[in-house]
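Report on the structure given below.
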Amino acid sequence: MNLKSRFQSKIDSVRIDHTAPHLDVAIGDKLISWFPSVPREYVVVCIGTDRSTGDALGPLVGSFLTEMKPRHLSVFGTLEHPVHATNLHEYIKEINHVHKNPFIIAVDACLGKTHSVGKIIATEGPLQPGAALNKPLPAVGDVHLTGVVNVSGFMEYSVLQNTRLAIVVEMAKKIAGLLESIDYRLIHHRKAPAVVVPQIKSSTL
């Protein structure tokens with residue numbers, strides 16, 4: 001679980017509500033634009049725990065995506081085998097051992113402002129997991145996806161425990177579908193679907 005800051009405006013990112021049409025194209029185009037020109041081994045690291053409703057977004061994404069059997073994305077972090085605070089260091093070592101020069105897409109839940117709940121955010125650069133709960137964890141990812149599952153500001157741990165499962169599951173399905181579309185585009189030379197997507201205005205969390 002990370003915490004989106006209003007001071008991140010200089011970082012390249014795009015955010016859109018999880019119910020918006022053509023979500024996979026809008027965010028997918030941005031993600032693909034950040035991918036290296038020379039193909040690497042692509043790894044998705046889904047961070048979180050099934051012991052907290054709000055923080056289960058990552059493991060749910062990992063489980064849904066694994067069921068889709070992606071061909072060019074290796075997935076770490078599922079409901080059965082979650083990647084969380086106590087084993088993150090070990091998973092990072094394993095990923096770097098198994099994959100040569102991996103390009104990592106990190107996925108995590110986050111807290112934000114009221115009007116941002118339900119938004120999915122793609123950001124260039126690493127994710128800082130555990131920030132919302134003041135846990136000193138290593139930064140993860142070359143790019144990252146986060147879903148705003150609830151409101152920040154007070155008793156974050158309790159907020160996570162009392163987050164509605166319905167919105168977390170729905171957002172996890174959308175993120176998994178987005179990543180499946182990324183996998184498809186990697187297979188087919190990154191050609192984007194022929195869909196016209198309106199410009200997305202950024203907003204502050």
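The values are calculated or read from the model by the stated rules, or taken from the named source; none is laboratory data. Model, not experiment: these values are computed from the prediction. Here Cβ is always computed from backbone atoms with ideal geometry, including for glycine, and neighbour counts include all displayed protein chains.
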*Scan the stretch 58-73 and give yes if some residue there is of a type in the set (Asp, Glu), surrounded by fewer than 21 Cβ atoms within 10 Å (Cβ to Cβ) and modelled with pLDDT of 95 or more, otherwise no.*
yes
*asked:* within 21 Å of residue 102 (Cα to Cα) and not small (Gly, Ala, Ser): is that true of residue 76 in this structure?
replied: yes
*asked:* List the residue pairs whose Cβ atoms are under 8 Å apart, where the first residue sits in the stretch 99-122 and is closer than 18 Å to residue 174 by Cα, the second is part of a strand (DSSP E or B) and among the acidic types (Asp, Glu), and the two are 6 or more positions apart or on different chains.
replied: 118/17; 119/17; 120/17
